[in-house]
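Participant: This is the structure I want to talk about, given as structure tokens.
The values are calculated or read from the model by the stated rules, or taken from the named source; none is laboratory data. Bear in mind the structure is a predicted one, so any value in this text is a computation, not a measurement. A quick note on method: Cβ atoms are made from the backbone with ideal geometry, for glycine too, and the neighbour counts reach across all protein chains shown. Accessible surface is based on the protein model in full, side chains and every heavy atom, while ligands, DNA and RNA are left aside. Shrake-Rupley method; radii C 1.70, N 1.55, O 1.52, S 1.80 Å.
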Amino acid sequence: MDTRATRRPRRSDAQRSIDAIVSAARSLLRDRPDASIEEIAAAAGVTRQTVYAHFSSRDRLVAEIVNAERAEGLAAVEAASLDAMPPVEALRRFLQISWEIVDRCPLALEPVYAKTPGPDGGDAHQMVAHHLERIVRRGQRSGDFDRAMPADWLTEAIFGLGHTAAEQAAAGRHAIHEAARLLESSALRLLGATAEPRPAPQDP
């Protein structure tokens, strides 16, 4: 008996379930980072048991989402042609892309997920940091950024500022666009850039 015909639909059904779970979780966890597996299952239209059949734990599901968001962010950074931009504009674009990831997936900043390896087992943070450090080094060579401190130190300091901005926005201390403006302004000041930060857009 040829079992290929029966295997394909099962695989297809399983993939549809996985896609539905991941999609529902990404949407739900953006607004409610503490949403339970039961709530995610209900939003996906599947049972709790189905979620656990594909993801052994809530942490495993969240790690999948964090990796998906990081992969999209890394692809956006690589597609942005940052090396072709003046250093200040490249920094601004990098921060914008990074902030969009945090806005979509606040859990990416949680300590338990911040060090989640990428899908290939590599350090996802370092892959993104590499692009930021290139911008910093280029700006130092061109004179747009201060050369007094090492580029790798400045790179990690900017990531730290990003964490602070996201935490302030999540706590309601600053509106999301104001936090983004403060992040950009602080990063430029840290780098000793002479360009003025752009005005913040108004929250809708």
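Participant: Can you tell which of Ala68, Ala90, Ala76 is aliphatic (A, V, I, L, M), part of a helix (DSSP H, G or I) and under 18 Å from Val22 (Cβ atoms)? Don't jump to the end; show me each part of the working.
Facilitator: On the way: Ala90 fails: under 18 Å from Val22 (Cβ atoms); Ala76 fails: under 18 Å from Val22 (Cβ atoms).
Of Ala68, Ala90, Ala76, the one residue that is aliphatic (A, V, I, L, M), part of a helix (DSSP H, G or I) and under 18 Å from Val22 (Cβ atoms) is Ala68.
Participant: Here is a further query. May I ask you to verify whether Ala169 is under 30 Å from Arg32 (Cβ atoms), surrounded by 15 or more Cβ atoms within 10 Å (Cβ to Cβ), modelled with pLDDT of 95 or more and of a type in the set (A, V, I, L, M)? Let's see the steps before the verdict.
Facilitator: Values: under 30 Å from Arg32 (Cβ atoms): yes; surrounded by 15 or more Cβ atoms within 10 Å (Cβ to Cβ): yes; modelled with pLDDT of 95 or more: no; of a type in the set (A, V, I, L, M): yes.
When the stated conditions are applied, Ala169 does not pass them.
Participant: Given the criterion modelled with pLDDT under 90, in a loop (DSSP other than H, G, I, E, B) and open to solvent by 20 Å² or more (accessible area, probe 1.4 Å), identify the matching residue among Asp103, Asp34, Asp59. Walk me through it before giving the result.
Facilitator: Values: Asp103 fails: in a loop (DSSP other than H, G, I, E, B); Asp59 fails: in a loop (DSSP other than H, G, I, E, B).
Unique residue meeting the criteria: Asp34.
Participant: Just to be sure I understand the filter: pairs with C-beta atoms under 8 Å, separated by 6 or more residues or on different chains, first member in the range 138-167 and in a helix (DSSP H, G or I), second member among the acidic types (Asp, Glu). Which pairs pass?
Facilitator: Filtered contacts from the range 138-167: Arg138/Asp83; Gln140/Asp146; Ala151/Glu133; Asp152/Glu133; Thr155/Glu133.
Participant: Of all residues in the range 75-84, which are touching a residue at least 12 places away in the same chain (Cβ under 8 Å), open to solvent by 30 Å² or more (accessible area, probe 1.4 Å) and aliphatic (A, V, I, L, M)?
Facilitator: In the first step, residues of the range 75-84 are kept if they are touching a residue at least 12 places away in the same chain (Cβ under 8 Å); the result is 76-78, 80, 82-83.
Right, trim to open to solvent by 30 Å² or more (accessible area, probe 1.4 Å) and you get 76, 78, 83.
Hit for the range 75-84 is Ala76, nothing else.
Participant: Specify which of the listed residues (Ala41, Ala14) is open to solvent by less than 80 Å² (accessible area, probe 1.4 Å), at pLDDT 90 or above and assigned to a helix (DSSP H, G or I).
Facilitator: Working: Ala14 fails: at pLDDT 90 or above.
Of the residues listed, the single one that is open to solvent by less than 80 Å² (accessible area, probe 1.4 Å), at pLDDT 90 or above and assigned to a helix (DSSP H, G or I) is Ala41.
Participant: So is Thr155 modelled with pLDDT under 70, under 25 Å from Glu72 (Cβ atoms), surrounded by 13 or more Cβ atoms within 10 Å (Cβ to Cβ) and polar (S, T, N, Q) or not?
Facilitator: No, not satisfied.
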